[in-house]
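The values are calculated or read from the model by the stated rules, or taken from the named source; none is laboratory data. A quick note: this is a predicted structure, and the numbers were derived from the prediction, not measured. Here the Cβ is made from the backbone with ideal geometry for all residues, glycine too, and neighbour counts use every protein chain on show. Accessible surface is based on the protein model in full, side chains and every heavy atom, while ligands, DNA and RNA are left aside. Shrake-Rupley method; radii C 1.70, N 1.55, O 1.52, S 1.80 Å.
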Amino acid sequence: MGLLSILKKVKQKEKEVRLLILGLDNAGKTTIVKKFNGDDINAIEPTLGFNIKTMEYKGYQLNVWDVGGQQTIRSYWRNYFEQTDGLIWVVDSADRGRLQDCKRELHDLLGQEKLAGASLLVFANKQDLVGALGAAEIAQVLGLESKQFANRHWSIVACSAVTGEGLAQGVDWMVSDIGARIFMMS
Amino acid sequence: MEGNKDEPAAGQHSSGDQEELRRQQAHLNFSASHQARQAARHQASNNGGEGDVGNDDEARHNEESAALFNETFTADTQDITNTLDRLVAESKQRPSQTAAGTGLAGARHAHGEAKALPGKGHSDTSAAPAVDGESGVREELDVLVDRVKGLRKRTAEATLFLTVYDLRRAQEEVGRLWASVESTRAELAPRKRFAFRSKAKAKGRDARRGGGGIPAREEGLARKRVDETGGGEKEAEGGPGIRGMKGREVDVSAEDADKDKDFNVADLDDCKVTILHVLGALRLRRLTSCRVVCGPVRGPIYVEGCRNCVIVTAGRQLRIHESRHVDFYVLVASGPIIEDCSGLRFAPAGLRYPEYQHHLQAAGLEEDAVTNAWADVKDFKWHRAQQSPNWTVIPDSERESDSLAMAAPK
């Protein structure tokens, strides 16, 4: 308990939150980060490696790690697990053809010991597209209600990185959940 | 030098007492001469003028120390290797016990033995080289590990006088020994990985309970739900688009296409698809021998599993997976990504129809805003500086300058 409380104090001082953003390629991970940070989203290239963004949000310092989702580089995801407070899983809600892939990858991730304590936020992205599935449907397909997730802090939020709708709502949940867990507030 | 206290006991496992004594003696000599040399060097540096003599002396001492070191080192490594070989050979003679050792009962048994041993004293184990069972192997391996550690320490100390070559050789030898001791240990007496027991158990229980039950049922539910929106595995993709046709020409009307719509073209064989509208996103899957001509896409273009196709379009991103022999005539804002592809060819967009410029603007892809990055192809399966073998630029002579013609409205 001694070490844990010291760690908590250190973190409390800086109020630093480490967020890891993952998902299949073409899910809109980079677009979400850029839109949320108020950057231009018209010149986004597929992510070859990863991007790090540090931003201030509601008194927290968010260290956001946005890692490319291309099949070939998914095996490198685990290099980013260490000390992750929150995992943001981005889903292309309109890409029904790959939802099973998406589910498989997510379940693999959540089986990882290093992510055991991380809060999970699922962004059901691309709601601006007419063919997009809703958040409830995505939750159903990903099996978020299953027993496996019973001990996990998770939430799913429908969003559109293009319009920015839903992003703040999702991140709000994330920081408040992590805050309550780590910084012992409220 | 003190680090080698355990060594005598260990040495007795295989070689005779005399051999061990000799080795110990050599080691002591080596230590003594080493100390003497250091003292001499110290003196030499103090005496300044006599430095030359001191240097000669030092060089001689270095050689002696090195020779001594090499001798004891070789003997030690040989002995450790022999012991390892013996352990492996012995374990093969009693396969049943080794097998049992991997089970829980064996592990518990080994634990008990290990606890009892210290009371008996170290000499006891060494007196009986052919120790029976896994506990013995474990003990012996532990001793070996200590010996290799001792060797490593001595090697580190020997940096003072060893030649670079000898030093490197010794270090490599120690590394090799370490690896073989570890691998033998993994084979004969595997250590239990550290784990939080209760959690692991809980996980295991869940998996067992769910084995054929809950998860499977959930998956079934999930699939059923998708099925309701679409159909089988393929039609599960659902969403706006055209699918499953052969030998057709399809002209997608303005009602079907919209800048806020994603559009799917999937499972077509020998078809011509023309979509002269702005789209939100475009997905092309499993097309064979098709021509797809599509207006500007506001978002990404996703291509998967296509064969022998020609694709003409414009978009913000182009991601291509697992496709062969496809020609792309594209305007893209960022370099195309290819993964698990071969025989792809690229050329700048040849799209032209009356509303094209207007559509480009609607998609935010007008000329002033975007530089066409069609040739900046990034291949995830090719990490060298040279050109990837999986894609080429379509030579001018082979370009379909007429792709505008096929895009022209009827």
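Looking at A:Ala136, A:Ala118, which is the one that is at pLDDT below 95, surrounded by 24 or more Cβ atoms within 10 Å (Cβ to Cβ) and either more than 19 Å from B:Ala281 (Cα to Cα) or at the interface with chain B (Cβ under 8 Å from one of its Cβ atoms) (or both)?
Among A:Ala136, A:Ala118, only A:Ala118 is at pLDDT below 95, surrounded by 24 or more Cβ atoms within 10 Å (Cβ to Cβ) and either more than 19 Å from B:Ala281 (Cα to Cα) or at the interface with chain B (Cβ under 8 Å from one of its Cβ atoms) (or both).
Is it the case that the stretch B:331-346 has a residue that's hydrophobic (A, V, I, L, M, F, W, C), touching a Gly at 6+ places or on another chain (Cβ under 8 Å), more than 13 Å from chain A (Cβ to nearest Cβ) and in a loop (DSSP other than H, G, I, E, B)?
The answer is no; no qualifying residue exists.
From the list B:Glu255, B:Glu237, which one is modelled with pLDDT under 80 and facing chain A (nearest Cβ under 10 Å)?
Numbers: B:Glu255 fails: facing chain A (nearest Cβ under 10 Å).
Just a single option satisfies the conditions, and that option is B:Glu237.
Restricting to the stretch A:26-54, name every residue that is more than 9 Å from every other protein chain (Cβ to nearest Cβ) and among the small types (Gly, Ala, Ser).
Correct list: A:Ala27, A:Gly38, A:Gly49.
For the stretch A:34-62, give me each residue that is more than 26 Å from A:Ala139 (Cα to Cα) and assigned to a strand (DSSP E or B).
A:Phe50, A:Asn51, A:Ile52, A:Lys53, A:Thr54, A:Met55, A:Glu56, A:Tyr57, A:Tyr60, A:Gln61, listed by residue number.
Six or more apart or on different chains, Cβ under 6 Å: which pairs go from a residue in the stretch B:281-309 that's within 14 Å of B:Arg243 (Cα to Cα) and open to solvent by less than 10 Å² (accessible area, probe 1.4 Å) to one that's of a type in the set (Phe, Trp, Tyr) and at pLDDT below 90? Could you list them?
Correct list of pairs: empty, since none qualify.
With respect to A:Arg74, determine if the residue is more than 14 Å from every other protein chain (Cβ to nearest Cβ) and under 16 Å from A:Leu24 (Cα atoms).
no
Report yes if some residue within the stretch B:264-281 is over 20 Å from B:Leu318 (Cβ atoms), within 12 Å of another protein chain (Cβ to nearest Cβ) and assigned to a strand (DSSP E or B); otherwise report no.
yes
Does the stretch B:363-378 hold any residues that are touching a strand residue (DSSP E or B) at 6+ places or on another chain (Cβ under 7 Å) and at negative phi, and which are they?
B:Ala363, B:Leu365, B:Asn372, B:Ala373, B:Trp374, B:Ala375, B:Val377, B:Lys378
Take A:Arg74 and tell me if it is of a type in the set (Lys, Arg), open to solvent by 30 Å² or more (accessible area, probe 1.4 Å), assigned to a helix (DSSP H, G or I) and modelled with pLDDT under 95.
Working: of a type in the set (Lys, Arg): yes; open to solvent by 30 Å² or more (accessible area, probe 1.4 Å): no; assigned to a helix (DSSP H, G or I): yes; modelled with pLDDT under 95: yes.
No, not satisfied.
Have a look at A:Ala161, A:Ala139 and point out the one that is in a loop (DSSP other than H, G, I, E, B) and small (Gly, Ala, Ser).
Just one listed residue meets the conditions, A:Ala161.
Keeping to the stretch A:55-71, report how many residues are closer than 20 Å to A:Glu105 by Cβ, open to solvent by 10 Å² or more (accessible area, probe 1.4 Å) and either out of contact with any strand residue (DSSP E or B) (no Cβ under 9 Å at 6 or more places or on another chain) or within 14 Å of chain B (Cβ to nearest Cβ) (or both).
So the answer is 1.
Just give me the residues in the stretch B:352-394 being within 24 Å of B:His321 (Cα to Cα) and either outside any loop (DSSP other than H, G, I, E, B) or among the hydroxyl-bearing types (Ser, Thr, Tyr) (or both), in sequence order.
B:Thr371, B:Lys378, B:Asp379, B:Ser388, B:Trp391, B:Thr392, B:Val393
Since B:His383 meets every condition but one in (1) within 13 Å of chain A (Cβ to nearest Cβ); (2) within 28 Å of A:Lys126 (Cα to Cα), which condition does it not meet?
(2)
Does A:Leu142 qualify as being buried (at least 17 other Cβ atoms within 10 Å of the Cβ), in contact with a His (Cβ under 9 Å, 6 or more places away or on another chain) and either closer than 18 Å to A:Gly28 by Cβ or more than 12 Å from chain B (Cβ to nearest Cβ) (or both)?
yes
On the given criteria, is A:Gly170 closer than 20 Å to A:Lys29 by Cα and small (Gly, Ala, Ser)?
yes
So B:Leu351 passes all but one of these: (1) more than 28 Å from the chain's Cα centre (by Cα); (2) open to solvent by 20 Å² or more (accessible area, probe 1.4 Å). Which condition number does it fail?
The number of the failed condition is (2).
Specify which of the listed residues (B:Ala66, B:Ala75) is in a helix (DSSP H, G or I) and modelled with pLDDT under 85.
Details: B:Ala75 fails: modelled with pLDDT under 85.
Matching residue, one of B:Ala66, B:Ala75: B:Ala66.
Output the number of residues of the stretch B:167-189 satisfying the condition of being closer than 13 Å to B:Leu144 by Cβ and modelled with pLDDT of 80 or more.
9
Working only within the stretch A:33-54, note down all residues that are hydroxyl-bearing (Ser, Thr, Tyr) and open to solvent by 50 Å² or more (accessible area, probe 1.4 Å).
Answer for the stretch A:33-54, where residues must be hydroxyl-bearing (Ser, Thr, Tyr) and open to solvent by 50 Å² or more (accessible area, probe 1.4 Å): just A:Thr54.
Mind listing whichever residues of the stretch A:88-108 are more than 12 Å from chain B (Cβ to nearest Cβ) and open to solvent by 10 Å² or more (accessible area, probe 1.4 Å)? Talk me through it step by step, then tell me what you get.
Within the stretch A:88-108, the subset more than 12 Å from chain B (Cβ to nearest Cβ) is A:88-91, A:105-106, A:108.
Across the stretch A:88-108, the qualifying residues are A:Glu105, A:Asp108.
Quick check on B:Leu276: is it touching a Pro at 6+ places or on another chain (Cβ under 9 Å), open to solvent by 10 Å² or more (accessible area, probe 1.4 Å) and not β-branched (Val, Ile, Thr)?
Details: touching a Pro at 6+ places or on another chain (Cβ under 9 Å): yes; open to solvent by 10 Å² or more (accessible area, probe 1.4 Å): yes; not β-branched (Val, Ile, Thr): yes.
For B:Leu276, the condition - touching a Pro at 6+ places or on another chain (Cβ under 9 Å), open to solvent by 10 Å² or more (accessible area, probe 1.4 Å) and not β-branched (Val, Ile, Thr) - is met.
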